[in-house]
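Worksheet: the structure to be examined is printed underneath.
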Amino acid sequence: RFEEALEEARQVDKLLAEGPDDAALEERLPFLGVPVTVKEAFALQGMPNTSGLVSRRNVIAASDAAVVSRLKQAGAIPLGVTNCSELCMWYESSNRVYGRTNNPYDLQRIVGGSSGGEGCVLAAACSVIGVGSDIGGSIRMPAFFNGVFGHKPTTGVVPNDGQFPNAQGMRTSFLCTGPMCRYAEDLEPMLRVMAGPGVTKLKLDEKVSLEKIKFHCMDHDGGSIFVSPVDKEILQMQKKVVEHLESELGIQVQRVAIHKMKYSFQIWSAMMSSKDSDGQEAQLFTDLLGDHGKPVWPLWELIKWLVGMSSHTFPAIALGLTEKLVKLNSVGNAKLVSMGKSLQAEMETLLGPDGVLLYPSHPTVAPKHHSPLCMPFNFAYTAIFNVLGLPVTQCPLGLSSEGLPLGIQLVAGPYNDHLTLAVARYLEKAFGGWVLPGKA
């Protein structure tokens, strides 16, 4: 929406030329004139809202999602919407409506998903702040693969209204809407605006003394058979962060090994398909694929896909096929849900009111296109924190030897988002933060 954005920018210039009190204006409109982009799964009035689903190709948003409206009211100017994976349930942003989004550091690599277009547009310096959502790492994986910042807030602080698909049943406790941006200092003001009245649950006005934070570090999940081993360069960078914190802050980073993290994928999967307290079943992905139209039969779609006739992507069809299998193992699922609850208690005890955990964002740097199909469960490194309800900030840490972004997840206890945001600002100064693509 470039023409409209330019017109809105002229109105801002006019407002500033009239010379109102700057302090009052900053208080009322903290993002006055700042360009913002929005994940296409969110409603932005007058823009498409397909979530990569061919049957929604003609859907145009008639109003704004709650967070979009709040950012507009704070003065931000939307430039447009950005690509995501089909129905936001895969970590490569490619669909049959818009095609594939490429990584600005290497066009042969993925941007992650499902907020992949958002991560890409920020990294490529097209926009400075953006709106993403995250139910299994959909803010943090794109932020990691594209070398920008992303924050998954504590559950239930920022409203999820106005995105498609929205969460139902148990999943409402796992889906989080949050800010993505190039500079760490923008995360907190964005979170304040996006949370609205919900911000009172957080401690964003508390001053953080980094020396008083109890830092914990975990190098990997303990060796899950479903997930790739963590790349050497990711581990080396994490080690550098630990050494830096210890030497500069004069603290001791505690190494931890949390055994249940090995079952991250299984726990996430079981909790995603569990019933809520009212006994409401999780919504079937195949129902979403149909989107109030004809039901979708995954096996028939697979046959059509093999001859190039399906309007769905292969990952979406595969998810439709596998969700039926997950339902079959109700006893195993109940055990995993119980393990998830016990892991949550263990994590909350470990982190307490002043702890931050350093944990890899993903086992590998941005993979090549299509290769996630060979390792479909690598997103477990981010997904586990959705079902645990913990706030996580994704922080970039420069580039690998191949020129691809490196980074780390910073995890805190519930409602202690202020701790991870403060550490992200500190690490940005220490390690340089976002690097312009093509500069290395």
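Listed here are the residues, each with its yes/no results for (1) open to solvent by 10 Å² or more (accessible area, probe 1.4 Å); (2) touching a Lys or Arg at 6+ places or on another chain (Cβ under 6 Å).
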{"position": "Q108", "(1), (2)": "yes, yes"}
{"position": "S115", "(1), (2)": "no, yes"}
{"position": "G119", "(1), (2)": "no, no"}
{"position": "A124", "(1), (2)": "yes, no"}
{"position": "G130", "(1), (2)": "no, no"}
{"position": "I139", "(1), (2)": "no, yes"}
{"position": "A143", "(1), (2)": "no, no"}
{"position": "N146", "(1), (2)": "no, no"}
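Among the residues of the stretch 203-257, the one identified as among the hydrophobic types (A, V, I, L, M, F, W, C), more than 30 Å from P189 (Cβ to Cβ) and outside any loop (DSSP other than H, G, I, E, B) is L235.
Of the residues making up the stretch 90-99, those that are closer than 14 Å to E40 by Cβ, touching a Ser or Thr at 6+ places or on another chain (Cβ under 9 Å) and either at pLDDT below 95 or not hydrophobic (A, V, I, L, M, F, W, C) (or both) are S93, S94, N95, R96, Y98.
Can you pull out every residue in the stretch 66-82 that is in contact (Cβ under 8 Å) with a residue 60 or more places away in the chain and more than 19 Å from P30 (Cβ to Cβ)? Correct list: G80 only. Condition test on A345, is it part of a helix (DSSP H, G or I) and either polar (S, T, N, Q) or surrounded by fewer than 18 Cβ atoms within 10 Å (Cβ to Cβ) (or both)? So A345 fits the description; yes.
As a summary of the residue check, E301 satisfies the conditions (1) in a helix (DSSP H, G or I); (2) surrounded by fewer than 20 Cβ atoms within 10 Å (Cβ to Cβ) except for the one numbered (2). With respect to (1) buried (at least 17 other Cβ atoms within 10 Å of the Cβ); (2) more than 13 Å from the chain's Cα centre (by Cα); (3) part of a helix (DSSP H, G or I), the lone exception for W434 is condition (3).
I'd like to check something: does the stretch 28-36 contain any residue that is assigned to a strand (DSSP E or B), in contact (Cβ under 8 Å) with a residue 40 or more places away in the chain, under 26 Å from M141 (Cβ atoms) and within 21 Å of the chain's Cα centre (by Cα)? Yes, the conditions are met somewhere in the stretch 28-36.
The residues of the stretch 154-190 that are under 21 Å from K39 (Cα atoms), out of contact with any Pro (no Cβ under 6 Å at 6 or more places or on another chain) and aliphatic (A, V, I, L, M), listed by number, are V157, V158, A167, L175, M180, A184.
Restricting attention to the stretch 224-272, the residues that are open to solvent by 50 Å² or more (accessible area, probe 1.4 Å), of a type in the set (A, V, I, L, M, F, W, C) and within 22 Å of the chain's Cα centre (by Cα) add up to 2. S69 falls short of the stated requirement of being open to solvent by less than 40 Å² (accessible area, probe 1.4 Å) and touching a strand residue (DSSP E or B) at 6+ places or on another chain (Cβ under 8 Å).
Taken over the stretch 118-137, residues that are within 19 Å of M89 (Cα to Cα) and touching a Cys at 6+ places or on another chain (Cβ under 6 Å) amount to 1. Here the condition is being within 18 Å of C84 (Cα to Cα) and in contact with a Gly (Cβ under 9 Å, 6 or more places away or on another chain); of A184, A123, it holds for A123 alone. Restricting S93, S85 to residues that are open to solvent by less than 10 Å² (accessible area, probe 1.4 Å) and free of Cβ contacts under 8 Å to residues at least 60 places away in the same chain narrows the list to S93. Each residue in the stretch 175-209 was checked for being open to solvent by less than 30 Å² (accessible area, probe 1.4 Å) and not small (G, A, S), and 14 pass.
The values are calculated or read from the model by the stated rules, or taken from the named source; none is laboratory data. Please read all numbers here as calculations on a predicted model, not as lab measurements. Cβ sites come from the backbone with ideal geometry, for glycine too, and all protein chains shown count toward neighbours. What goes into the accessible areas is simple: the full protein's heavy atoms, side chains included, and nothing from ligands, DNA or RNA. Shrake-Rupley method; radii C 1.70, N 1.55, O 1.52, S 1.80 Å.
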